Amino acid sequence: MISVSFEPVGNWYVVAVFGLVVTGLTIWAYSLRMRGTTGAWRWVRARLRLAAVLLCLIAALRPTLVFQKKQKQPSTLIFLSDASQSMEVNDEVRGQKRWEVARKTLAQALDTARTLGAGLKVKSYRFDLTLRDDPAGDQGDPKGKETAIGPSLQEALRRESGGRVAAIVLLCDGANNSGVAPLFAARLLKNQQVPVVAVPFGDANAGSKIARYLDPGPGHRPHGLRQEPAPGQGNAPRARLPQPDSRP
């Protein structure tokens, strides 16, 4: 889209009056000089002078040509999977390990995320004490001896600096025993307008643990926090994925 705007050096009325006066004086002065002269050249000179006056008047209006282009900025959906040893506990439905159910949930969520459009990039990480890439299809057992939820959230956001994060999906059992407090990281995410979708695994207290970590304070609702059990799968959760941001 192309548009033109004007910012005259003075009031529009003053500029208009000045333009009329200058144009009138120019025509009057040349009419006097052309009396008694002949030849087509005299009209050429007059027209050139009037053109110069017109250009000066246009410059006084200070026109600006604006080119506008709307471009969608792709968003990133981040999955964080807890890879600490506590995920090896087999207290999920039908005696399954937390890790097994988490991997199944992640695979389903990734399949769903890939259908949300080309404007959404999907990234998957594992975390325990540190954050690292989580290759698709990697079923390696969790071996981390510490769980650092707060630093992992911060690191995931840092890796996407300069881009837009649609949401962070956190798959964990709620245990945290290392690094900065998750509450500190949650406030940072809130300031960046990044919602967190919490998917708890394990005992019934897992969801309340995560909510406590991400709650910005007494009387406040956890920013962007949602959790939803999958129907017919006991306490196995299902992530409700956010839609990609289509704002330019």
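The values are calculated or read from the model by the stated rules, or taken from the named source; none is laboratory data. These numbers come from a predicted model, not from an experiment. Backbone-built Cβ (ideal geometry, glycine too); neighbour counts: all protein chains shown.
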Notebook entry, point to check: Just a yes or no: is a residue in the range 74-89 over 30 Å from Asn177 (Cα atoms), surrounded by 16 or more Cβ atoms within 10 Å (Cβ to Cβ) and either in contact (Cβ under 8 Å) with a residue 40 or more places away in the chain or not assigned by TED's automatic domain parsing to the domain that holds Tyr13 (or both)?
Noted result: yes
Margin query: Please determine whether any residue of the range 197-216 is under 20 Å from Asp82 (Cβ atoms), part of a loop (DSSP other than H, G, I, E, B) and at pLDDT below 50.
Written below: yes
Next item on the list: Kindly provide the set of residues from the range 123-149 that are surrounded by 20 or more Cβ atoms within 10 Å (Cβ to Cβ) and outside any loop (DSSP other than H, G, I, E, B), ordered by number.
Entry: Ser124, Arg126, Phe127, Leu131, Ile149
Margin query: Can you pull out every residue in the range 32-51 that is at pLDDT below 75 and not aromatic (Phe, Trp, Tyr)?
Written below: Leu32, Arg33, Met34, Arg35, Gly36, Thr37, Thr38, Gly39, Ala40, Arg42, Arg45, Ala46
